[in-house]
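Notes follow the structure.
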Amino acid sequence: MTDFRAEVKKWLAENVPADLDREDVTVRRDWDRKLYEAGYAGLSWPTQHGGRGLGPREEFVFHEEAALAGAPEGYGRVGRLLTGPLLMKHGTDEQMSRFLPPILSGEEIWCQGFSEPEAGSDLANIKTTATREGDEYRINGHKIWTSFGDNADLCLLLARTSPTERRHHNLGMFLLDMRQPGVEVRPIRQITGGSRFSELYFTDAVVHERSRVGGEHDGWKMAMAVLTEERGPADAITRYVSYVGGVQRLERCCAPEDPRVSELRTRVELIRWHALRALEPGEPRKAEVNAVFKLLWSQTWQDLAGFGVSLSCPEHEDYWRHQYLESRGATIYSGTSQIQRNMIGERLLGLPR
Ligand SMILES: Cc1cc2nc3c(=O)[nH]c(=O)nc-3n(C[C@H](O)[C@H](O)[C@H](O)COP(=O)(O)OP(=O)(O)OC[C@H]3O[C@@H](n4cnc5c(N)ncnc54)[C@H](O)[C@@H]3O)c2cc1C
């Protein structure tokens, strides 16, 4: 591991662009391509799918070093973190050979089309329909809060496959081509000034049955697999290292003498240890453990950013303001804090529903 860390450090020192706009889509996509060309994309993916076949710990080390080196965040994260692992577990050979290589190379960008205006926490309430016509489905409906929707080539889409079955048993998971007639994308303006998510409107868009993941009514099972991954350590590693950057700003500049900084640093370190523990194979209660983890990192981020912004440090005012606004959504996306607490209460602690 020491050798691997040294190799990564060296490569990053030579390759992280000196002057970069971390929010810029081109910068982020260029970084994805660079990682791929150097063999750092999909470190823990099996070699038959183009990865390096290393473990999650190497993945952790890479992300840790990348963030410490100030590397940009890649843009293809929905594909790498959600669609890719889902396909490797539940996809067909044809789906894997078609979709995995451009996910790794960063050529194709994915978005996650789950939430709708009347279906967020209550995801099984979605209204978007996938109506079968021969070997195709017609997609009609409306998705909202779709991150990366404005630049996505493909959408991991949850849609209702039958009007009659019970609501958890009539959902399907589809790999939908966004570059087709019948798909309209309307970006949503955010409080940060950016526009990282969108609304999607589907009017008779088409998806072939070979682009359905799992059985026609297996969508709920697929969605739960995706959400468990989304709340897991793979994603939180990149977040943890960005919080380290925040703590370093506090220690070096904004509040070097303030004892509250050491409490925040400890909480950030706890995320690291929790992530490392969650990466251990064989954890039987993955969904519940990830719910604890999601609560931990989202709340820590908001507390860290809230503290940072309260200091009005002239040097880092813009940074903290941005962190503060960005962190607001963290207790909402990937399942709200209340939903995580319900899950922990019911499934981990055995409390009554
Ligand atoms: C920055 C950001 C990015 C996002 N990106 C995506 C994306 O890429 N793709 C996607 O599909 N979605 C995305 N989402 C949507 C996100 O998943 C939903 O916002 C989230 O699931 C909550 O759903 P909702 O907004 O409909 O709120 P609601 O479900 O209506 O919840 C409203 C409030 O009621 C509470 N509540 C609801 N039900 C319960 C309950 N049973 N018990 C206790 N409290 C409850 C909630 O905790 C919340 O406080 C994103 C959201 C944000 C903020």
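Counting only residues that are touching a residue at least 60 places away in the same chain (Cβ under 8 Å) and on the phi < 0 side of the Ramachandran plot, the range 127-151 holds 12 of them. Annotation note: Cβ proximity below 8 Å between a residue of the range 78-90 that is of a type in the set (A, V, I, L, M) and a residue that is open to solvent by 50 Å² or more (accessible area, probe 1.4 Å) and part of a helix (DSSP H, G or I) (sequence gap 6+ or interchain) occurs for 81/229; 82/229; 86/229. With respect to the conditions (1) more than 16 Å from the ligand (Cβ to nearest atom); (2) assigned by TED's automatic domain parsing to the domain that holds residue 213; (3) surrounded by 20 or more Cβ atoms within 10 Å (Cβ to Cβ); (4) free of Cβ contacts under 8 Å to residues at least 60 places away in the same chain, residue 155 falls short on a single one, namely (1).
Of all residues in the range 251-309, those that are surrounded by 13 or more Cβ atoms within 10 Å (Cβ to Cβ) and assigned to a helix (DSSP H, G or I) total 40. Can you tell me which of (1) of a type in the set (S, T, N, Q); (2) under 22 Å from the mean Cα position of the chain (by Cα); (3) not in a helix (DSSP H, G or I) is the one residue 203 doesn't meet? Checking residue 203 against (1) of a type in the set (S, T, N, Q); (2) under 22 Å from the mean Cα position of the chain (by Cα); (3) not in a helix (DSSP H, G or I), the one that fails is (2). Considering each residue of the range 166-173 in turn, none proves to be touching a Leu at 6+ places or on another chain (Cβ under 7 Å) and not aliphatic (A, V, I, L, M).
Scanning the range 116-152 for residues that are open to solvent by 60 Å² or more (accessible area, probe 1.4 Å) and closer than 27 Å to residue 340 by Cα, we see that the one that is farthest from the ligand (Cβ to nearest atom) is 127. Filtering the range 10-29 to residues that are in contact (Cβ under 8 Å) with a residue 24 or more places away in the chain, exposed (fewer than 15 other Cβ atoms within 10 Å of the Cβ) and among the basic types (Lys, Arg) leaves only 22.
Residues that are farther than 19 Å from residue 213 by Cβ and free of Cβ contacts under 8 Å to residues at least 40 places away in the same chain were ranked within the range 158-182; the one that is surrounded by the fewest Cβ atoms within 10 Å (Cβ to Cβ) is 164. Does any residue of the range 98-115 turn out to be in contact with a Phe, Trp or Tyr (Cβ under 7 Å, 6 or more places away or on another chain), in contact (Cβ under 8 Å) with a residue 12 or more places away in the chain, open to solvent by 10 Å² or more (accessible area, probe 1.4 Å) and within 12 Å of the ligand (Cβ to nearest atom)? There is at least one residue in the range 98-115 that is in contact with a Phe, Trp or Tyr (Cβ under 7 Å, 6 or more places away or on another chain), in contact (Cβ under 8 Å) with a residue 12 or more places away in the chain, open to solvent by 10 Å² or more (accessible area, probe 1.4 Å) and within 12 Å of the ligand (Cβ to nearest atom).
The values are calculated or read from the model by the stated rules, or taken from the named source; none is laboratory data. Worth saying up front: this structure is predicted, and the values here are computed from it rather than measured. When we count neighbours, we look across all protein chains shown, and the Cβ atoms used for this are built from the backbone with ideal geometry, even at glycine. To get the accessible areas, we keep the full protein, side chains included, count just its heavy atoms, and leave off ligands, DNA and RNA. Shrake-Rupley method; radii C 1.70, N 1.55, O 1.52, S 1.80 Å.
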